[in-house]
Amino acid sequence: MFSRFSRRTFLKSTAAATVAASLPRLAAAQDKVIRIGFLAPLTGAVAAWGKPGLDGCAIWAERINAAGGIKLADGDYQVEFVSYDNEYDPAKARTGATKLIREDGVSFIMMLGGDTWPGVQPVADKTGMLFSTLLPSDLSPETTTLIAPAEVHPIYNVTGVEWLAENKPDLKTAVMCAQDDALGLPSVATYLAAFEAAGIEMLDDPLLFDPATTDFAPVVTRLIANDPDIVCLDTCYSDYVHPICEQLFQQGYKGQIISCTADFYDQMIAKTSEEFMEGFVFQFPDFDDPALNADTINFADPNGFYAEYNKRHPGQWGAVSWEYASIMDLWKAAAEKAGSADPEAVMAAMKDGGKGDHAFGQADWWGSELFGIDNALVGDWPVVVIEGGKARVKAFKSIPDWYARHGDLLVKHMTAYDQMWNQRS
């Protein structure tokens, strides 16, 4: 419906082919194998935040296995990923979690999270399995075996707004739209807090649209009616970001755009223009960016990883292409430190000392003030700007520093949208 970028057409395969998207199983005779579960949307509207991550894990596994595997107390193990397409459906996610644990014998399960986590939490509680999410807003004091070690959505969005306020102080007004769901709402609260902290006026309440929306012309018309300096696209799916940007272009908007993601931004440029997309601010870098070669970066050979990914999957690099692999770096280090793949031992080793090697630098296990539990790994996050048709990291900004100054605003807006952990429980 939205041309080739749409996540609804992101995968053209049948359901059977999707299930087969798991990495090839290692030879049955090879007994020293650790299986990792990948429980995420591989088809449907949210597939672009699942399938590219599985593709990145394939590259990660090949690198690790070629280097000797995972070194535990009783020997070296090869790693194998087993995927299950939950189609971003809570019931299917629960079925998938049960299968991965009972039938596939996984030692760890990675998820996108969001609307699917409530379906899985009873399985986690019953089995004690270690799960990861890309959405710390899933966390609560009851989610004792759930960690958010890579992406700290939505609180990293404050860094983009802070950078805008510092570098473009003439931008004084903003509007925002988002889909009305578990990904959109906590992000809305975060952007509202960030805009308030930056002294940027919201011209209207956030425009929340139904996730089934396909015609974005009236959404954009309403959005820009008061001539805002900034249009914020919150954490809209690519299915929404692309047509919204096309409508902004067609309706003559000339101002600043900020968004959590800009997956497949080259296709947005093709549908609009390089000039229109110039200065677009978002939060996810291309891994060929020179800024990722700094000594503080904890991701092995990011440029080589990016090149290999694009060789295998041209045009499909997105926000999550590296994130699940980054989680596996942390998991591998913790398992080797513990000498075991046991979920409880790995989690204890991972959180030992209260700090961890996040992809973008050392970070703190944090979250009790906002999530009721210190299970999110929070530190610096990049601010990315499109310049000359290419995404470039402009700064790494500290989330904890922002929270120390403005945490009360985030709590205020999260509470207003019923997104605090005690409200969600």
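Assigning unit charges at the beta carbon (Lys, Arg +1; Asp, Glu -1) and nothing else, what dipole magnitude in debye, to the nearest 20, does the chain show about its Cα centre? Working shown, then result.
Numbers: 33 positive and 58 negative charges, 188 e Å.
Here the chain has a charge dipole of around 900 debye.
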Legend entry - segment 80-86 - phi-based ³J(HN,Hα) in whole Hz, Karplus 6.51/-1.76/1.60, Gly and Pro as x: 9, 9, 10, 9, 9, 7, 8
Legend entry - For residue 40, distant residues with modelled amide H under 5 Å away: 84, 86
Legend entry - Gain on full stretching of the segment that runs from residue 348 to residue 99 - 0.36 nm per residue minus C-alpha separation: 87.1 nm
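Mean residue ellipticity at 222 nm from the helices of the chain, using -39,500 (n - 2.57) per DSSP H segment of n ≥ 4 over the full residue count, to the nearest 500 deg cm²/dmol? Don't skip to the end; give the middle numbers.
On the way: 16 runs with 163 residues, N = 425.
Value at 222 nm, helices only: -11500 deg cm²/dmol.
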Legend entry - Calculated FRET value between residue 66 and residue 401, using beta carbons and R₀ = 60 Å, to 0.05: 0.95
Legend entry - Which label in [x] 18.8; [y] 20.8; [z] 25.9 gives the computed mean projected area of the Cα convex hull in nm²: [x]
Legend entry - segment 272-406, dipole about Cα centre (Lys/Arg Cβ +1, Asp/Glu Cβ -1), debye to the nearest 20: 40 debye
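Listed here are the pairs 92/394; 390/412; 51/271; which of them are more than 29 Å apart at the Cα? It would help to have the intermediate numbers written out before the result.
Numbers: 92/394 40 Å; 390/412 36 Å; 51/271 24 Å.
Those over the limit are 92/394; 390/412.
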Legend entry - Additional length obtainable on full extension of the chain from residue 180 to residue 311, 0.36 nm per residue less Cα span: 43.6 nm
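Using Cα pairs under 8 angstrom and six or more residues apart, how large is the relative contact order of segment 26-133, in percent?
On the way: 185 pairs, mean separation 35.3, N = 108.
In percent, rounded to a whole number, it is 33.
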Inset, instruction - Run the quick spin-label model on residue 278 and residue 221: label points 7 Å from Cα toward the beta carbon, then report their separation in nm to one decimal. - result: 3.0 nm
Inset, instruction - For residue 132, list long-range residues whose amide hydrogen, built 1.01 Å from N in the peptide plane, is under 5 Å from its own amide hydrogen. - result: 109, 110, 111, 147
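Packing-wise, with mean Cβ within 10 Å as the measure, how do 411-422, 33-44, 232-243 rank, highest first? Walk me through the numbers on the way to the answer.
Working: 411-422: 17.0, 33-44: 24.1, 232-243: 26.1.
Taking the mean over residues of other Cβ atoms within 10 Å, the ranking is 232-243, 33-44, 411-422.
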Legend entry - For segment 87-94, 3J(HN,Hα) per residue [Karplus equation, 6.51 cos²θ - 1.76 cosθ + 1.60, θ = phi - 60°, Hz, x = Gly/Pro]: 6, 6, 10, x, 5, 5, 5, 5
Legend entry - Per-residue ³J(HN,Hα) for segment 62-79, Karplus 6.51 cos²θ - 1.76 cosθ + 1.60, θ = phi - 60°, Hz, x for Gly and Pro: 4, 5, 5, 5, 5, 8, x, x, 9, 9, 10, 4, 9, x, 8, 10, 7, 10
Legend entry - Under-5 Å amide H pairs with residue 318, H placed in peptide plane, nonlocal only: none
Inset, instruction - Please name which of 368, 285, 409 has its Cα lying farthest along the dipole of the chain towards the positive end, using unit charges on Cβ (Lys, Arg +1; Asp, Glu -1) and the Cα centre as origin. - result: 285
Legend entry - For segment 94-148 and segment 203-234, distance of Cα centres in Å: 34 Å
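Grab the Cα-Cα distance for residue 201 and residue 91, subtract it from 0.36 nm times how many residues apart they are, and report the gain in nm with one decimal. Numbers along the way, then the final one.
Working: separation 110, 0.36 × 110 = 39.60 nm, distance 4.06 nm.
Computed gain between residue 201 and residue 91 is 35.5 nm.
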Inset, instruction - Compute the separation of the alpha-carbon centres of segment 151-166 and segment 31-64 and state it in Å as a whole number. - result: 27 Å
Inset, instruction - Name the lysines eligible as straight-distance cross-link partners of residue 332: C-alpha to C-alpha under 18 Å, and not fewer than 8 places from it in the same chain. - result: 32, 71, 351, 355
Inset, instruction - Specify the residue with the greatest mean-square fluctuation among 143, 213, 95, computed from a Gaussian network of the chain linking alpha-carbon atoms under 10 Å apart. - result: 213
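Since every read-out is calculated from the coordinates, none of them should be taken as a lab result. A quick note: this is a predicted structure, and the numbers were derived from the prediction, not measured. In this analysis, Cβ positions are derived from the backbone assuming ideal geometry, glycine residues included, and neighbour counts consider all displayed protein chains.
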